[in-house]
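Chemist: After the C-alpha cells below, expect a handful of questions from me.
The values are calculated or read from the model by the stated rules, or taken from the named source; none is laboratory data. Owing to the predicted nature of the structure, the values given are computational and were not obtained by experimental measurement. Positions of Cβ are backbone-derived with ideal geometry, glycine not excepted, and every protein chain shown enters the neighbour counts. Surface accessibility is based on the protein's heavy atoms, side chains included, excluding ligands, DNA and RNA. Shrake-Rupley method; radii C 1.70, N 1.55, O 1.52, S 1.80 Å.
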Amino acid sequence: MRNVYLLAAGLIAGLAIPVTTLPQPLVFKTESNQIQLNTKEGLQAVAGETVASTVETPSPEFSNPNLPIPVESSVQSIYQPTRRFLSGSQLYYHRLAALKAGQIYTRLSENELQSLLESGKKPQLTYEDWKSLLAMEARAMVKGQGANRLNVLVGDSLSMWFPNEKLPAGKLWLNQGISGDTSSGILNRLSAFAATKPDVIYVMAGINDLRKGMNDQAILRNYRLIIRRLRQNHPGSLILVQSILPTRLASISNSRIRRLNSQLALITRQEKASYLNLHDWFADFQGNLREDLTTDGLHLSKNGYGVWQVVLEQMESNFAIGEVRQESLGEARRSQQQ
C-alpha cells in the first residue's frame, strides 16, 4: 500500500515515478482470448475457442439519422478538450456539437463551438438523450475509424468523466459511459457500439447498483451477461473487466465491494475474459477510497484519474510489447519453416 501513496505523492508533486515502484495490476489470465495478459512479461497469444452467446442484440436506433458522419481517421486528431466542464450538460452539448460539425473527438474552435452550443438545448437531459448521443458517436466511429486502432470505455459516470487527454495515446477511444448507469442499463445498451471493431473493451459497473439496493447475485448475473454479449458482438476484442472502486460513503460497504470484486474476478475467469484489479490502487489502509483521489467520496478527482491513467498506460504498454513479441515469434517460425 505504501507504493500507492508514493504514486499519489508523485502525481501531486509532478514527479516521475519509476514503474518498478508501482503495484502491478492483478489480471487473471484468459484461456481462450487471442491475447493473454501478464503485467510482468507482456502478452502472449493463446489458442482456444471463443465463448459463444445466444443473447440477442437488436440493432441500435439513432434519433438523428441525418447527422453528418466524420471521415477523419487520423490518430493525431483525437479530441483534446479546451475547457473544464462543470456539468454533464456541458459535456453532452460539447460532444453533440462535435458530431454536428462532423468531427468526433476533434478540437473545435471557440467560435464554432459557441454557435453550435447556443442552438437546440433542452432544459433537462434524460438517460435516453445520453443513450442516443453515445449511439451516434459509435456510428460515427464506425465510419471514421479507418485503419486506426480503437479502445472502448463502457460504464457509468466514472468512465464518462475520464478526461480524454489522460487516455493513453496511439489509439482512438470511444467513451460509452453514462452518469448513474447500472449494470442492467449497460447490458441493455451494448448494441449501440456493436458495429465497432475495438482492440480492448474496458468495462466498469456496479457502484450505482449498490446505491440503488440491488443484491449481489443480480449484479454478478448482469456482469456475466455483459461479458457474454460483448464476446458475441466483438469476438476479436479483449474484454477487460475493471474492479469496482471503493468509496467513502457510509451507505456503501467497502467490505461488500471487496467480496463482490472477488466474485467478479471468478466470473471473469470463468467467462474467459480478463480482470483488472483497480481497487487496490485507490484504497487506503482502511479500505476506503483515498481522500486525495476523490471529489465527493465517490467520484474521482484529477489525481484519481491520474492514477487510473497510469494503470491504463501500463496495460497498453504491455499490449504493445506482447504484439511485438508475437510478430517476432511469427517471423522466427516462418524462417524455420523456410
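Chemist: Considering only residues of the stretch 175-195 that are surrounded by fewer than 21 Cβ atoms within 10 Å (Cβ to Cβ) and of a type in the set (Ser, Thr, Tyr), which is nearest to the chain's Cα centre (by Cα)?
Modeler: For the stretch 175-195, the residue satisfying everything is Ser179.
Chemist: Exactly one condition in (1) charged (D, E, K, R); (2) closer than 20 Å to Ile178 by Cβ; (3) open to solvent by 50 Å² or more (accessible area, probe 1.4 Å) is not met by Arg248; state its number.
Modeler: The single condition Arg248 does not satisfy is (2).
Chemist: Which residues, taken from the stretch 179-223, are without any contact (Cβ under 8 Å) to a residue 12 or more places away in the chain and within 24 Å of Leu300 (Cβ to Cβ)?
Modeler: Residue satisfying the conditions is Gly213 alone.
Chemist: Go through the stretch 270-303 and report how many residues are of a type in the set (A, V, I, L, M) and closer than 21 Å to Ser179 by Cα.
Modeler: 5
Chemist: Next up: Only one of (1) open to solvent by less than 30 Å² (accessible area, probe 1.4 Å); (2) more than 21 Å from Asn261 (Cβ to Cβ); (3) modelled with pLDDT of 95 or more; (4) out of contact with any strand residue (DSSP E or B) (no Cβ under 7 Å at 6 or more places or on another chain) is not met by Val152, so which one is it?
Modeler: (4)
Chemist: Got at least one residue in the stretch 128-141 being at pLDDT 95 or above, aromatic (Phe, Trp, Tyr) and closer than 27 Å to Ile226 by Cα?
Modeler: no
Chemist: Kindly establish whether Ile257 is aliphatic (A, V, I, L, M), modelled with pLDDT of 95 or more and more than 22 Å from Glu128 (Cα to Cα).
Modeler: Values: aliphatic (A, V, I, L, M): yes; modelled with pLDDT of 95 or more: yes; more than 22 Å from Glu128 (Cα to Cα): yes.
Criteria met by Ile257.
Chemist: Looking at Thr268, is it open to solvent by 10 Å² or more (accessible area, probe 1.4 Å), hydroxyl-bearing (Ser, Thr, Tyr) and within 19 Å of the chain's Cα centre (by Cα)?
Modeler: Values: open to solvent by 10 Å² or more (accessible area, probe 1.4 Å): no; hydroxyl-bearing (Ser, Thr, Tyr): yes; within 19 Å of the chain's Cα centre (by Cα): yes.
In short, no.
Chemist: Hey, another quick one. Among (1) assigned to a helix (DSSP H, G or I); (2) more than 19 Å from Thr268 (Cβ to Cβ), which single condition is Asn175 missing?
Modeler: Status for Asn175: all satisfied but (1).
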